[in-house]
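The values are calculated or read from the model by the stated rules, or taken from the named source; none is laboratory data. In this text the structure is predicted, and so the values were computed from the model without any measurement. Please note: Cβ atoms are built from the backbone with ideal geometry, for glycine as well, and neighbour counts cover all protein chains shown. Side chains included, ligands, DNA and RNA excluded: accessible areas come from the protein's heavy atoms. Shrake-Rupley method; radii C 1.70, N 1.55, O 1.52, S 1.80 Å.
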Amino acid sequence: MTEAEQSMRKTARKLLEEKKVAMIIGYEKGTLPLRTTPCFISDTKEVDRLVWNATCANNLAKYIIDSKGKVGIIAKGCDARSIVTCIVEKQIDRENVFIIGLPCAGIIDRKKIETELDEQEILEAKINDDHIILKGENFERQFAVKSIIDDSCLSCKYRNPPIYDVLVGEKVPDSMGDDKFISASRNESKSDEERWELFTKELNKCIRCYACKNVCPLCYCNECFVDQNMPTWLGKTDNPSDTMVYHIIRILHTAGRCVDCGTCSRACPMGINLRALTQKMVKLVKELYGFDAGLSIEDVPPLATFKQDDPQEFIQ
Amino acid sequence: METIQKNDSEASSNESWQPKIVAFLCNWCSYAGADLAGVSRIQYPPNIRIIRVPCSGRVNPLFIIKTLQYGADGVLVSGCHPGDCHYISGNLIARRRFALLKKFLEYIGVEPGRLNFSWISAAEGEKFSKVVSEVVEKVKALGPATRLVKE
Ligand code: SF4
Ligand code: SF4
Ligand code: SF4
Ligand code: FES
């Protein structure tokens, strides 16, 4: 067990014992190797289920909106920023959330490992501080955690939570060095035709399972537009045009709110590079309105406001 | 939702092909501007189908995308000039939404000319006619919409 994990459990136990929170939202070991799953602990005896390592990939802010009373939540940089977004959007009260901030060393990307292993099944995984050991039927491989870090972590600029009630562990450098908008910028130099081809090809893989919206902390609408039927905004079909429209609208709904945590991309069972799309929206909001989501609870959502001199060269 | 009826011939090479353009006009300015163009007998191409909305701020990006999905070759959204909105700032809030929609659609490869925005006041019948003519020319040059169209 790492030091950070140990002190995280200690903090959680103390909060529960002192009845400062009714529940802790954190991660526990998943049923498959290299997986963790969100867990909800309200009994001090259960605190040891909590884990903290490089496979804690979900954005836990997703679960804070439906929780009752005061809750404690484990938060990486991106989770903390999404919590800020939930506070700014008045989905939760700042007083009702106790943020246990954890400087993030980066989350590993299972897809990178699967490619390296040529899709061989992993039966056992052991994660140490800076490397992981994977065992399967006829192999044992060791990877430096650094070499399999998710792209969203490589370009993250806020690895330390910008807001917390207690910080567990030492702060880390804010960024790992990649350009913040690398995924979006890569496509920008291509022609209209090339980009259209790229996105249709990518989105044609989509099976409309909606995992991308179900894991995203921004998608808390009681009824999503995809489910509305008076009128039916979106055909419940596998028509490529409907799928495109789903993605375009979902991404527009993330404008000024998405923290580029990459959770939607990681959740996609078809391996679609959603970040090439979501990140573009983050970039546009930054370029046009100078806004980065989730940094301060005093923020005004950029799409709920305006400036007299907002760019309008596209309006005749 | 019904598909906007297509002309018999869809080929862009066909000289007789005429684009269909859906125009969302705000009730207080641009719609009145179109009206003025009408009563002043100012000519403009008959390619546009007008949908009157209370304010440009009423235009959900979903409306625009669905229009393209169901057979429009181009879209025009027009509202009051900044400062003139009947609801004070509906158009200024909408301006951010439209900017993001337009740039995002361009990013995924939808031709920029399909999406058009303008500010037209109730006194600008001439401008209305000019904007519509320009939009029609632009969309004619692009040919029939294919991207995003639901087959
Ligand atoms: S996609 Fe849009 S409508 Fe659907 S849940 Fe997310 S934010 Fe809400
Ligand atoms: S859209 Fe994706 S990257 Fe953005 S906040 Fe939601 S899950 Fe994270
Ligand atoms: S998670 Fe992937 S397959 Fe599922 S709806 Fe989203 S993009 Fe499509
Ligand atoms: S009333 Fe015309 S844009 Fe708001």
Between A:25, A:87, A:113, find the one with the highest GNM mean-square fluctuation for chain A; connect C-alpha pairs within less than 10 Å. A:113
Among A:15, A:277, A:117, whose mean-square fluctuation peaks in a Gaussian network model of chain A (Cα, cutoff 10 Å)? A:117
For residue A:90, counting only lysines whose alpha-carbon sits under 23 Å away and dropping same-chain residues fewer than eight positions off, the answer is A:20, A:62, A:68, A:70, A:76, A:213, A:286, A:307
Considering just Cα atoms, how many Å³ per residue does the convex hull of the protein assembly as shown enclose? 157
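Total accessible area buried between chains B and A, 1.4 Å probe, in Å² to the nearest 100? Let's see the in-between values first.
On the way: alone 8410 and 17110 Å², together 21540 Å².
Protein heavy atoms only, the B-A interface buries about 4000 Å².
Which percent, nearest 5, of DSSP beta bridges in the protein assembly as shown are antiparallel? Walk me through the numbers before you get to the answer.
Details: 18 of 45 bridges.
Just about 40 percent of them are antiparallel.
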Most mobile of A:142, A:228, A:279 in a GNM of chain A (Cα contacts under 10 Å): A:228
15 Å beta-carbon shell around residue B:31, net charge (K/R +1, D/E -1): +1
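Which whole-number value in Å² is the accessible area per residue of chain B, probe 1.4 Å? Could you put the intermediate results ahead of the total?
Numbers: 6360 Å² over 151 residues.
I get 42 Å² per residue for chain B.
In percent, how large is the relative contact order of the range A:13-169, given Cα pairs closer than 8 Å and 6 or more residues apart?
Computed over the range A:13-169, the figure is 23 percent.
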Can you give the average number of partner chain beta-carbon atoms within 10 Å of each beta-carbon in peptide A:307-315, as a whole number? 6
Charges only on Cβ, +1 for Lys and Arg, -1 for Asp and Glu: so what's the dipole of the protein assembly as shown about the Cα centre, in debye to the nearest 20? 780
Would you tell me the mean number of C-beta atoms belonging to other protein chains that fall within 10 Å of each C-beta in A:235-246, as a whole number? 3
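Please calculate how many Å² of accessible area the range A:1-91 carries per residue, with a 1.4 Å probe and no DNA, RNA or ligand atoms counted.
Details: 4130 Å² over 91 residues.
In whole numbers, the range A:1-91 has 45 Å² accessible per residue.
In percent, what relative contact order does the range A:99-204 have, based on Cα pairs under 8 Å that are 6 or more apart in sequence? Don't jump to the answer; show the numbers that get you there.
Details: 132 pairs, mean separation 31.7, N = 106.
Relative CO of the range A:99-204 lands at 30 percent.
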On average, how many beta carbons from a partner chain sit within 10 Å of the beta carbon of a residue in A:255-266? 1
Along the charge dipole of chain A, pointing to its positive end and built from +1/-1 on Cβ of Lys, Arg, Asp and Glu, which listed residue (A:268, A:314, A:115) has its Cα farthest out? A:268
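In whole percent, how big is the carbon plus sulfur part of the accessible area of the protein assembly as shown, probe 1.4 Å, protein atoms only?
Working: 10570 of 21540 Å².
Ligands and nucleic acids excluded, carbon and sulfur give 49 percent.
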Ordered by packing density, taken as the mean number of other Cβ atoms within 10 Å over each peptide's residues, highest first, how do B:38-44, B:141-147 rank? B:141-147, B:38-44
Against the globular-protein guess of 2.2 N^0.38 Å, express the Cα radius of gyration of the range A:47-184 as a ratio, rounded to two decimals. 1.17
So how far, in whole Å, is the C-alpha centre of the range A:132-185 from the one of the range A:56-109? 18
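Assign one of three labels to the range A:247-316, namely rounded, prolate or oblate, based on the Cα gyration tensor with a ≥ b ≥ c the square roots of its eigenvalues; rounded applies when a/c is under 1.5, prolate when it is not and a/b is larger than b/c, and oblate otherwise. Kindly include the intermediate steps, with their values, before the conclusion.
Numbers: a/c = 2.80, a/b = 1.61, b/c = 1.74.
Note, shape of the range A:247-316 comes out oblate.
Just to be sure I understand the rule: take each whole DSSP H helix in chain A, project its Cα atoms onto its long axis, keep it if the span is 18 Å or more and its mean Kyte-Doolittle hydropathy is at least -1.0. Which ones pass? Show your work: numbers first, answer last.
Values: long enough: A:3-17 (21 Å, -1.28); A:240-253 (20 Å, 0.33); A:275-289 (20 Å, -0.11).
What comes out of the filter, once short or polar helices are dropped, is A:240-253, A:275-289.
At 222 nm, what helix-only mean residue ellipticity would chain B give, in deg cm²/dmol to the nearest 500, using -39500 (n - 2.57) for each DSSP H run of four or more?
Numbers: 4 runs with 56 residues, N = 151.
It comes out at -12000 deg cm²/dmol, rounded to the nearest 500.
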Can you show me the helix-derived [θ] at 222 nm for chain A, built from DSSP H runs with n ≥ 4 at -39,500 (n - 2.57) apiece and divided by the number of residues, rounded to the nearest 500. -8500 deg cm²/dmol
Using alpha-carbon pairs under 8 Å, 6+ residues apart, how would you state the relative contact order of the range B:22-151 in percent? 38
Please check the range B:77-117 for residues whose accessible area, probe 1.4 Å, is lower by 50 Å² or more when all protein chains are in place than in their chain alone. B:92, B:93, B:95, B:96, B:100, B:103, B:104, B:107, B:108, B:117
Rounded to two decimal places and with Rh computed the Kirkwood way over Cα pairs, what is Rg over Rh for the range B:20-138? 0.95
